[in-house]
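Right, one structure below, let's go through it.
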Amino acid sequence: MINQKFFTVGPNQLYPTVIEHIQTAIEQNICSVSHRGQVFKNLFAETKHNLQKLLNIPDDYHVFFVGSATEAMEIAIRDCVGQTSYHFVNGAFSEKLYLTAKDLNKKSEKIEVETGQDFAWNNLNIPATTEMFCFTHSETSAGTYLPLPEVYALQQKFPNKLFAIDIVSSVPVVNLDYKKFDLVFFSVQKGFGLPAGLGVMIVNDRCIEKAKILQANGFDIGGFHNLLSLVEKEQENQTPETPNVLNIFLLNKVLEDMNKIGIEKIRKKVFLQAEKIYDFFDSHPQYRPAVENKKLRSQTIIVIETGKETKNILTKLAADGLVVSSGYGKFKDSQIRIANFPAHDLDDFKKLFEGF
Ligand SMILES: *Cc1c(COP(=O)(O)O)cnc(C)c1O
């Protein structure tokens with residue numbers, strides 16, 4: 001095995017127990033069992049239970065397995081929005097959700113701010129036709145977190161509209177109040193430290209009802225993966241298609257591991273690491289965190305302004321087997337992005353700091 005450590009924003013360093021769980025999966029013939037058989041049904045039910053336990057998801061929410069977060073974006077819009085969704089755009093991933101709505105011919109609208117900036121929460125121009133609000137909790141391109149109290153206040157104000165949120169690069173670190181949302185989604189190759197190729201949707205009955213209404217009104221709610229086919233199969237602890245059984249198995253195992261440690265402890269560790277990383281760069285003579293507003297700083301994706309030295313730093317780190325991400329889009333040559341997930345330890349970051 002090549003000795004490398006990944007601080008990339010996704011895929012990322014595998015969670016330390018994953019290799020051993022892959023071994024177990026092979027021993028238990030997990031890759032060969034039928035997705036219609038009892039072994040898989042038990043796995044589905046257990047994974048759902050362990051996820052609900054770890055993230056404190058209310059019992060009446062559905063859990064669906066899909067191909068990726070990108071697919072979840074499409075299902076969210078297609079199955080919950082007839083005409084208008086309203087998007088909070090502060091970077092490339094929130095923009096992607098907005099563009100997904102446009103691709104699906106919705107008359108969606110957005111409020112947009114520069115990366116690293118907050119929205120004018122008291123001065124939003126929300127169309128009365130809005131059916132669903134769309135948020136990205138951790139904007140992976142910019143290194144910002146959305147201020148959740150502002151989102152909760154908005155939900156209080158618009159209890160009849162749907163609220164959807166992408167938590168891809170903050171799960172399981174974000175302590176989300178799931179009751180404030182109707183649809184939440186993530187993929188597993190970031191904070192859970194698993195191989196890519198599995199998306200998870202957490203959805204309440206209001207979304208299912210909305211999909212039924214849209215379908216009854218002649219809207220295209222999609223093919224094999226739509227909220228109605230997913231919920232129908234979920235009732236039998238199954239998926240419409242042959243899913244990524246190996247990855248569901250690994251997710252279940254990592255959820256078990258994390259439940260054993262306790263989510264509070266995991267979050268505390270990640271927050272402490274984030275504090276050390278921000279402290280290091282706040283007091284660095286040459287480099288600084290890209291997000292100035294401390295209230296908006298992501299705890300899991302930390303973006304550093306490295307200017308003209310970016311390439312040199314990346315080369316130096318790579319020589320030591322340390323892999324980070326470059327900046328997103330136009331910041332490719334002037335920023336470095338560092339992931340801080342449960343798979344990482346403080347000692348990993350101490351080694352990383354030596355490269356700066
Ligand atoms: C990585 C990422 C995605 C896309 O995830 P896929 O698994 O590649 O579909 C979506 N949203 C955010 C915030 C991300 O960081």
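Taking the options Pro285, Pro240, name whichever one is without any contact (Cβ under 8 Å) to a residue 24 or more places away in the chain and in contact with a His (Cβ under 7 Å, 6 or more places away or on another chain).
The unique qualifying residue is Pro240.
Every residue in the stretch 310-328 that is open to solvent by 40 Å² or more (accessible area, probe 1.4 Å) and closer than 19 Å to Arg297 by Cα, please. Spell out the reasoning first.
From the stretch 310-328, those open to solvent by 40 Å² or more (accessible area, probe 1.4 Å) are 311-312, 314-316, 318-320, 328; that's our starting set.
Across the stretch 310-328, the qualifying residue is only Tyr328.
The rows are residues; the columns are (1) open to solvent by 50 Å² or more (accessible area, probe 1.4 Å); (2) away from the ligand (no atom under 16 Å from the Cβ); (3) under 30 Å from Asp220 (Cβ atoms); (4) at pLDDT 95 or above.
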residue: Tyr145; (1), (2), (3), (4): no, no, no, yes
residue: Leu148; (1), (2), (3), (4): no, no, no, yes
residue: Phe163; (1), (2), (3), (4): no, yes, yes, yes
residue: Asp166; (1), (2), (3), (4): no, no, yes, yes
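Any residue in the stretch 292-306 that is in contact (Cβ under 8 Å) with a residue 24 or more places away in the chain sitting within a Cβ distance under 6 Å of a residue that is open to solvent by 50 Å² or more (accessible area, probe 1.4 Å) and among the basic types (Lys, Arg)? List the pairs, counting only those 6 or more apart or interchain.
Filtered contacts from the stretch 292-306: Glu305/Arg288.
Take Lys260 and tell me if it is open to solvent by 10 Å² or more (accessible area, probe 1.4 Å), touching a helix residue (DSSP H, G or I) at 6+ places or on another chain (Cβ under 7 Å) and more than 16 Å from the ligand (Cβ to nearest atom).
So Lys260 fails the test.
Only one of Ala153, Ala196 is surrounded by fewer than 24 Cβ atoms within 10 Å (Cβ to Cβ), free of Cβ contacts under 8 Å to residues at least 40 places away in the same chain and either among the small types (Gly, Ala, Ser) or not in a helix (DSSP H, G or I) (or both); which?
Ala153
The values are calculated or read from the model by the stated rules, or taken from the named source; none is laboratory data. It should be emphasised that the depicted structure is a prediction, and the values quoted were computed from it without experimental measurement. With ideal geometry, Cβ positions are generated from the backbone for all residues, glycine too; neighbour counts draw on all protein chains shown. All accessible areas refer to the heavy atoms of the entire protein, side chains included, with ligands and DNA or RNA removed. Shrake-Rupley method; radii C 1.70, N 1.55, O 1.52, S 1.80 Å.
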